[in-house]
Structures are given as structure tokens and as C-alpha cells.
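Engineer: Submitted below is the structure of interest, expressed as C-alpha cells.
FYI, it's all coordinate maths here, none of it is from the lab. From a predicted model like this one, the values you see are computed outputs, not experimental measurements. Don't worry about glycine lacking a Cβ; one is built from the backbone with ideal geometry, like all the others, and counts go over all protein chains shown.
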Amino acid sequence: MEFSSKLLENAVYEMSQLPGIGKRTALRLVLHLLRQPQTQTEHLTKALGVLRKDIKFCKTCHSISDVDTCEICSNPNRNREIICVVEDIRDVMAIESTGQYRGLYHVLGGKISPLDGVGPQELNISSLVEKAKSGVIKELIFALSATMEGDTTNFYIYKQLEGVDIKTSTIARGIGVNDELEYADEITLGRSILNRIPFENALKSS
């Protein structure tokens, strides 16, 4: 792709570093911004700058938040005996949109994936195990995507909890194999949470 401007080329390159954005899509987005009033681009730049500078991660569940403890963790009406284990904030948002879950969350920050250089140490697993061993939590719900990496992560955490008196369950497989949680429709996802099954049963059927 030939560029008539080095400034344009640099902007397209940076935009194309975003996931799912190729060079042609990046060019279209950059040209769109150039056609808009300058204030719109300035507002976008400012919003991204403030996001990067001021964003926090909840000290309890590790989800993205504006404050040290997110709204879900600080809500006294949530069931504090149940924790739903998810990959990232997109899954929290997807489950919250169903209106079927009133417990807390634990955001791992990814899935175990040796090919990508992601091991248990790179994820928020140790703090989850500590919560499980505290005696306060009665149930962990594994709600990772139905992929090899998701299943590997579930099993790793399950093995870390051997000897701990806690119930472990997984969302029902209304979510298709290899499907990402965030793309599931609200009804299917809600039913998968409500109809969750013991994790041991999931191991036997896999």
C-alpha cells in the first residue's frame, strides 16, 4: 500500500495494530477521522489518554474500574458466597446483561496458553485460590470459553483446589464449543449460568 503522506502512513500503521483491524480498515478509519471536525479527534485522543492514565483494576476481582473497588464488588446486595471465574471484563459485561447472576466475579486476565507464552503465573489465579481457601466462598463457577485453552485453565484451577471444601461448577454447554462468551446471546448465556453443572461431571463428559 503506497502512501502520499508519511503522517497518514504512521497513523494507519498505529491503527492497524488494534485487533481485527487490517491496513485497509485502518486507512478507512483514519480518513474518516480526517473528514470530521478537529474537535472530534481531540475528544477521542483525550478519552484514550485519560483511560490509559487513570484506569484502575479492582483490587478484589481484577476487573477494570474507575475506583479501587468496582461497583459489583462493593454492592452489598450481591451474593458474596459465589464467584464466577471469567477471562476478562467483556465476559463480566456479557453475563451482567443477562440479569440472571447476582454473585461476584474473578477476572483472570486471560487463559493458559503455552503457545502464546501465557502460563498460570501470568494470570490472576493465585488470588482466586486464596479466596477459595478463605472459607467464605461456597461455589466457584467456571465461565471460560469452551476452547482448549479455556478447558485447560479450568482444569488447572480445579487441581489447585484439591482438598478445599468448595463446590465447583461450569456453565452448561448451551455455549458452543470454541465459542467466545461475549458473542453468546443473552438468553442462551443466562440459561447456561442457571443450568450450570458440577465441574466433575464436565470432566467425565469431555
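Engineer: At 0.36 nm per residue, and after removing the present C-alpha to C-alpha distance, how many nm does the segment from Thr41 to Thr147 gain when stretched out fully?
Structural biologist: 34.3 nm
Engineer: Could you tell me how far the Cα centroid of region 93-153 sits from the Cα centroid of region 1-51, in Å?
Structural biologist: Here the answer is 34 Å between Cα centres.
Engineer: Can you give the local net charge around Thr45? Use residues other than it whose beta-carbon is closer than 13 angstrom to its beta-carbon, Lys and Arg +1, Asp and Glu -1.
Structural biologist: +1
Engineer: I'm spelling it out carefully: the read-out is Cα Rg over 2.2 N^0.38 Å, the candidates are [x] 1.17; [y] 1.22; [z] 1.04, and one was derived from this structure. Which label?
Structural biologist: [y]
Engineer: Still on this structure, I have one more. Please get the size of the charge dipole for the chain, origin at its Cα centre, with Cβ charges of +1 on Lys and Arg and -1 on Asp and Glu, quoted in debye to the nearest 20.
Structural biologist: It comes to approximately 200 debye.
Engineer: Taking Lys131 as the anchor, which lysines have their alpha carbon closer than 20 Å to its alpha carbon, excluding any fewer than eight residues away along the same chain?
Structural biologist: Candidates past the 8-residue exclusion: Lys59, Lys111, Lys159, Lys167.
Engineer: If packing is taken as the mean number of other Cβ atoms within 10 Å per residue, what is the order of 39-49, 97-107, 117-127, highest first?
Structural biologist: Ranking the peptides 39-49, 97-107, 117-127 by packing returns 97-107, 117-127, 39-49.
Engineer: Here's a follow-up. Residue farthest toward the positive end of the dipole of the chain, with Cβ of Lys/Arg at +1 and Asp/Glu at -1: which of Ser127, Leu31, Ile171?
Structural biologist: Leu31
Engineer: A further question on this structure: Before rounding to the nearest 500, sum -39500 (n - 2.57) across all DSSP H runs of length at least 4 in the chain and divide by the residue total; then give [θ] at 222 nm in deg cm²/dmol.
Structural biologist: Taken over the chain, the calculation gives -12500 deg cm²/dmol.
Engineer: Between Asn79 and Lys56, 0.36 nm times their residue separation minus their Cα-Cα distance comes to what?
Structural biologist: Result for the pair: 5.9 nm of gain on full extension.
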